[in-house]
Each structure stands twice: as C-alpha cells, then as structure tokens.
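This report refers to the structure that appears directly beneath it.
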Amino acid sequence: MPQSIEHLQPAELAAKFINLTARHIFLTGKAGTGKTTFLRNLTSLTHKKAVIVAPTGIAAINAAGVTIHSLFQLPFGTFLPKVAPEITTQQHYHTPKSIVKHLNMNATKRRILLDLELLIIDEVSMLRADLLDAIDMVLRYIRKNNAGFGGVQVLFIGDLHQLPPVVKNDEWNLLSQFYKSAFFFDALALAQNQPLYIELEKIYRQADDTFIHLLNNLRNNQVTDQDIALLKTYYKENYQPDLTENYITLTTHNNKADTLNKNSLKELDGKSYFYNAIVDKDFAESAYPVEKTLELKVGAQVMFVKNDPTGEQRFFNGKIAVVKKLSDDAIEVLPDGARYNLILDKFTWKNIKYTTNKTTNEIEEEVAGTFTQFPLKLAWAITVHKSQGLTFDKAIIDIGDAFAPGQIYVALSRLRSLDGLILTSLIGNRGIRQDQNVTYFAKTKDQQEDLAIQLQKESDSYLKFSLLQSFNFVVLDNYVFEHVFSYTKDEKRSTKQTHLPWAVKLQQDLIALKVNADKFLKQIEKLFIVGNTERLALLLERTAAAENYFNPQLAQMSDSIFELIEIAKTQKQTKEFLAELIDMEAMFYEQFRKIRKAKAMLEAANTGVELTKEQVLSLYNSAKREEQIKQAYTLPNKEEFRAPTDEFYSKTKSVKKAKEPKTPKIDTKEVTLILLREGKTPMEIAIERKMTQSTIEGHLAYFIAKQEISADQVIAAKKLAEIVTTIVKLKTIKMNEIREHLGRAYSFGEIKIAIAAYLAEGN
C-alpha cells in the first residue's frame, strides 16, 4: 500500500483514511482549496454511518448538517471536564454530572448516537475545546463505551487561520485551569489521540502568485516588510465608491454593515419592493440564510448566497449583481461581468435533522423545516464573519489594525486577486499576527510519520477491530440481561410480567450463542496476521462460515421479538413495553448487520478494493424486514387478545432442518453451577471451560436470581454491599450508570451478580 498511495492528492488520502481506518482526521486548507466540495463528496460515498455538525446554526445549514448543541443536547455556556477544588467563582458552568442529570434524549436521537461511526465537524476553527470535551463525554455515556468519543471516528474540517472560537474573559478564567488554549486541538479528549493533519493545497479561488504568496505569509505568521509595503499600495483613506462600481465593503461589525446597506438603499430613487420568505415548520430564526423580508429597489447592489442550482454557472455564492427590474413576485438582475439579465427563482434551504431508518438502521436525513426566499442579500457591505466561504471580484476592506487573529486573512482571501482590493485603513504587523497556539499545532503536520506507512498500519488495525466488534456480543448480552431483570412487578399488576418466560428463553438462547461467539473471537486473534495473504484468505473462509452460523440465529431471535410485539400490541398498557421490544430488536439487527458488513470488509481487503456506501446498502435484503417493521408500527385491530401458548415460548432458535433427536446435553449454566459448588472461583471456571469470565458470571447471576445460590459465594461481601447501595441510591439497575458511579474497579459481571441479588430479595 505505501507505494500505491504516493500519487494520491491530499483529498484522496483523507478519504482513504476515513474509509479504511478509525483515525481522527483534521482536514484543513487555505481558503478556496475545496474543503466544502470534499465534504459533499465524502458523505455520498463513505460506507460509514455519518452525521455532520457545526458550531453555529448558519454554519450547520450551509454544511447540510445540524448544530452541535442540538444533536448532543448540550446547554450553552462553559463546560468543565471536572470540578476543581480551587474554583470558588459564582459564575455558572456545566460539568459531566450536571449534563447527564438533565440529558433527556429521545429514542431516535439515542439510536443515532449508538449507530454513529463517523462524526464530521465543519467550521472547526470556531469549535471550543470545552465543547469538544462535552461531545466526547456524551458519546461515551450514551454508547456505554469509555474509548475516546465512545469509539466514534471524528473528522474535523476547517481552517484554523480563519475565525477563532469566542471565549469571554470570565469564561477563560475558568477554562484556563484545564486548557492550554480554547482551540479544539487542546481538548482533553485529543490529548492522547491527536488527529492526523491533512492539508488541501491546490487553490481554486486565486491564480495570482503574488497574492497567493501574501496570503501564505499571513497564514504562517511570516509577514515581511515587503508584504506590508504591498498592502499599503492598495490603501485609499475614506474611499467612497460610486454605487455603480460593484464594490462590497468587508467590515468588522453587523451594525456597521447593516447601516451601510440601509443608507445605500435609501440613496436610490424609486419604489421599494418587499419579498417575504416562506418559513415552513421548524427553522430557527438564528439560522435564516438571508433576510426574512428582503427590501429591494432597481439599482440595488446585491449578492448571490447560493451557487447556480441549474449547473450552468450563471452565478456563484458571493457573486455581485445589480437589480435591473422588479415586480411584486419577480426579480431581474444583471450579474457583474454578464451581458444578459437573469430572472431569478426562489431557493429553498432545508433545516435537516437526523433519524434512523427503522428498516435498515441507516442514519438518514429528514427535513425538519424549510426557508424559501430569493437567494440574495444587499451587498454594499458584509461582515468578515459572514463572508466565510464567499468569493468576490472587488472588495473594500475596512478592518483597522485592532482585529482578532485570522480575520485579516479571511477578509483578504475572499478576493480572487489584488486587482479588486481597496484598503480604507492601514494594516500593521500587530493586526496581522496569528495565534501562536495555531502556529504550534500546524507544526505537527511536519512531525507526522509517513502517511503511507500510517495508512497501512491503521487500516490493518481497523479491519481487525471491525471483525472483533462484529462477533463481540457483550453489549447485546448486557442489554438483554437488563431487559430480563426489568420484569420486576407482580404478574397481576403488569401485563409485561406475563412475558417473563419469553424473555428468559431469549436470554438463554443468546448466552448459548455468545459462548460460541467468544470462541470465534479467539480464532480471529489467532488467524489475523498482518501481511499474510494466506491467513487473510483462511480468515475470510472462517468468517463466511461464522456468518452462516450466527446470522440465521440472530435473525430468528429478531423474528421472535417481532412475534411478541404483535401479541403485546393487542394487550392493554403495553406502550412502554412495545418501545422496549422495538429498541431491543434494533440491537439484534445491528449485530446482524455488523457481521455481514465485517465479512464484506474482509472480502474487499482480500481483493484490494474499498467498500462503498452503495455496496454496503446492497448487503441487506430488507424486503422481509421492511414488512416486519411496518407491521410492528401498525395499530392492531380491535380483536380479542389470545395469550401466547407454551409452544410460542419454547420455540427453538435453530433454523436448520430438523435432525434425528440426540441425547440431551446438560445445560451449560448447570455445568457452571456444579463447578462453583466444587469450590472453584468464577475465574477458575472460566479458564477450565474456556469461556470469558463475564459469561460465567452471567450464568451465576441466573442462579442467584432464582435464589439457588447466594451472591456472596461469587463476589466479596464488601463489593456486593457497595453495588447494592449504589443501586438504591441511583434508583436504577442499568449497568452502565452503576459502573459510571462506582468506577472501573467494578466489572459488569460483578454488577450483574449484585443486580440479581438485589432483585432476588423482592426489591
């Protein structure tokens, strides 16, 4: 692989790292190098389940994503990774505990975060370190995974030489106790896992070598006396352009830009026309891409805020035009440099939200609301902040020298060439200098190991990790365990309780399946040898056989859940129970998908190709499942409920043809019980039976719940008491919440034991 990627461009390299590895990526590049184009292409091609977020509403709309705060349900304000004893301020701030306490995430959003494989954060220059740590905390909590970002890969896109994160002085007084800077790369979540630094280098906006050299020096804190002298040649104090010259003024503050636009419009003779946007459903006012009510006159200077949707390139985002003709419902403009007028159509912006397709478990976009308006805004002036992503032929830059690092670069880099530049204030070195933290972080690019070598290492590691995750049933096992022990009410008081035998049977079937899955995990470890093509081919053969063994049984368990859903739908007071069953079935189906996708990834690796989004979607024949899901969400007919028969609860999980009856084998849990009564510890039993200790502890929890053995035979009395005390205190039997409170010194197996003991006492 190292030789084969030498010819690749940075964008192609970045795409390979995303598709073939789990490595975090920082994709950057000068203004006009195609970061937005890369983002659009990536989301349509990657096989990973991805969502796009951005720090602000407008940035999210432009990126076709959602805001960070809305997806992760984070409050606005300062986030501290922990409460330090020396903090005595009365200033309000958030902590992991306070956020979790108020985290009331609905099932759809929780499912999205559980299924997420790739998180894309756009406009990352504005992302604060503490906000990134809050994202990390929520993902770990929801996914019950203590790896960074809960095991999710993160792609950071943006130019750190542009607009920096906003931090008030009183906020920094708190944050400085934890962070070196407010930039995202100094988040604690990245301390041990810095993102790979990939820079797009080809500039598509500018072709003037002198101008490109000046912009590079601005970015790199290497502004020379010659650069300052060059900028001075474009200085025109108090320059007032004629309204017909098609200049746009870039300034620092919204009120100044608004005043310039309004005053210029007033100077024009003629009638004002007003065009009202149509806002449908959910579209936040703070995210409006243009004015809700657009006031125009003939002769007004306007700017397009979208590229030409026809593909004819009649205009682009940032193109200046002059209004030539107006009526109550039509606008005709002449773009700068064009020969003919254009009659404009309205454009619809979408406010999207993410949801999970109930049939495929894929993360999909859903339109939450729309904003329809002519894609124009008055363009005698605009703020530097709102000019990001735009391209101008002529601009007056009115920014002075007392300016935040990066903003002078943003303003100048909007222009195609120096020919269109006018400066109304002199710029000195003090205003140009970039933030030293950004300069230091940029140096990490040169300190990286060769990208070809990294790609080989990381792709091998990711392939192995994906295989191991696919046949690791721990999360599913824990989920079903919690479900079984949620049947806590008396049978007469709860319809759900009548289905306990079904839940126990499902758990027993899964435990038996997990025993074999654990054995296959050891085979993967043994067979996966990097660079050994014979072993890789053998592993593919074994994985194909494993899929043929595990997936039919997982599908059978899914079918069993769907069957119970149909029964429960006809009973009273089962709404919450039905939601639990639907969520649980999605867990089984996700395990099924992972196994099938892992085999496809292994096939692709064997043939030296990359898996695409289209190929992954074609792996799943969803016709049957689509019908099952549709039926599950259909309200039942009003017919008399018939209780499930014994035959329903005792259905075999096997989907193979019936064979001649064999001598019954002893229940695997009974073997564990016998060995315990012989005086062996759970660890000794696990070693003897070649099973994981968590599996053995699951067996023992079953007998503790039946009160056939006591919990203190399995774990220390002190640990047992501490776990039970925590259960009472938190009022929950959710293992992840209990473990988060107690710490990693307590295993999930021990917590299972304590939960079983607690419930056995009739609590």
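The values are calculated or read from the model by the stated rules, or taken from the named source; none is laboratory data. Keep in mind that this is a model prediction, so the values were computed, not measured. Don't worry about glycine lacking a Cβ; one is built from the backbone with ideal geometry, like all the others, and counts go over all protein chains shown. When the accessible area is computed, the model is the full protein with side chains, heavy atoms only, and any ligands, DNA or RNA have been set aside. Shrake-Rupley method; radii C 1.70, N 1.55, O 1.52, S 1.80 Å.
Expressed in Å, the radius of gyration and Dmax of the Cα atoms of segment 309-416 are 18.5, 57. First measure r as the distance between the Cβ atoms of THR360 and ASN516, then evaluate 1/(1 + (r/R0)^6) with R0 = 22 Å and state the FRET efficiency to the nearest 0.05. For R0 = 22 Å, the calculated efficiency reads 0.25. The simple Förster model, with R0 at 30 Å and r as the Cβ-Cβ distance, assigns ARG744 and VAL530 a FRET efficiency of 0.50. Taking all C-alpha pairs of segment 541-582, those more than 15 Å from each other amount to 52 percent.
Split the accessible area of the chain by element, probe 1.4 Å, and carbon with sulfur accounts for 50%. Stretching the chain fully between GLU708 and ASN216 yields a gain of 169.7 nm (0.36 nm per residue, less the alpha carbon separation). The mean of 1/r over all distinct Cα pairs in segment 179-249, once inverted, gives the Kirkwood hydrodynamic radius of 16.5 Å. Its Cα gyration tensor gives segment 449-597 an equivalent ellipsoid. The semi-axes, each the square root of 5 times an eigenvalue, are 39, 15, 12 Å from largest down. Of all beta bridges that DSSP places with both ends in the chain, some 50 percent have antiparallel geometry. Amide H contacts under 5 Å for HIS94: THR78, PHE79, LEU80, restricted to partners 5 or more places along the chain or on a different chain, H placed in the peptide plane at 1.01 Å from N. A crude spin-label estimate for the pair LYS292 and ASN621, with each label 7 Å from Cα along the Cβ direction, gives 5.3 nm. For the pair ALA191 and ALA717, label points projected 7 Å from Cα toward Cβ lie 4.0 nm apart. The accessible area of VAL728, taken with all protein chains in place and a 1.4 Å probe, comes to roughly 80 Å². Rolled with a 1.4 Å probe across the full set of protein chains, the surface gives SER286 an accessible area near 90 Å². Here the extension length gained between LYS630 and GLU614 equals 3.4 nm, from 0.36 nm per residue of separation less the Cα-Cα distance. Figure legend: label point modelled 7 angstrom from the Cα of VAL504 along Cα→Cβ; residues of segment 694-736 with amide N under 16 Å from it are 699-709. Of all lysines in the structure, those lying under 22 Å Cα to Cα from LYS526, and not within fewer than 8 positions of it along the same chain, are LYS457, LYS464, LYS514, LYS594, LYS597, LYS599, LYS690. Of all aspartates and glutamates in the structure, the ones whose alpha carbon falls short of 14 Å from that of LYS101, not counting any fewer than 8 places away in one chain, are GLU737, GLU740. Think of the chain as having a plus end and a minus end, set by charges on the Cβ of Lys, Arg, Asp and Glu; of LEU564, ILE629, ASN106, LEU564 sits farthest toward the positive end of this dipole.
Under a 5 Å amide H cut-off, with hydrogens placed 1.01 Å from N, LYS49 pairs with GLU117, LEU118 among residues at least 5 apart or on other chains. Taking amide H as placed 1.01 Å from N in the peptide plane, LYS324 has its amide H under 5 Å from the amide H of GLY299, GLU332, VAL333, LEU334, each at least 5 places away in sequence or on another chain. Compared with the dominant principal axis of the Cα atoms in the chain, helix 500-527 is inclined by about 70°. Helix-only arithmetic for the chain: the sum of -39500 (n - 2.57) across DSSP H runs with n ≥ 4, divided by the residue total, places the mean residue ellipticity at 222 nm at -13500 deg cm²/dmol.
Note on segment 197-344: Rg/Rh from C-alpha atoms, Kirkwood Rh, equals 1.02. If the Kirkwood radius is taken over C-alpha pairs of segment 448-489, then at 25 °C and 0.890 mPa s the Stokes-Einstein diffusion coefficient equals 187 µm²/s. For ALA537, put the label point 7 Å out on the Cα→Cβ axis and report which residues of segment 599-634 keep their amide N under 17 Å from it. 602-609, by backbone N distance to the label point.
Partner lysines whose Cα lies under 24 Å from the Cα of LYS719, excluding those fewer than 8 positions away in the same chain, are identified as LYS97, LYS144, LYS669, LYS680, LYS706, LYS729, LYS731, LYS734, LYS752. For a Förster distance of 51 Å, can you work out the FRET efficiency between the beta-carbons of THR725 and ASN317, rounded to the nearest 0.05? So, using R0 = 51 Å, E works out to roughly 0.30.
The slack in the chain from LYS464 to ASP667, taken as 0.36 nm per residue of separation less the alpha-carbon distance, amounts to 69.8 nm.
Dividing the Cα radius of gyration of the chain by its Kirkwood radius returns 1.03 for Rg/Rh. With kT/(6 pi eta Rh) evaluated at 10 °C and eta = 1.306 mPa s, and Rh the Kirkwood radius from Cα pairs, segment 512-584 diffuses with a coefficient of 106 µm²/s according to Stokes-Einstein. Under the simplified labelling scheme, the ARG110-LEU268 pair shows an inter-label distance of 5.4 nm, with each label point 7 Å from Cα along Cα→Cβ.
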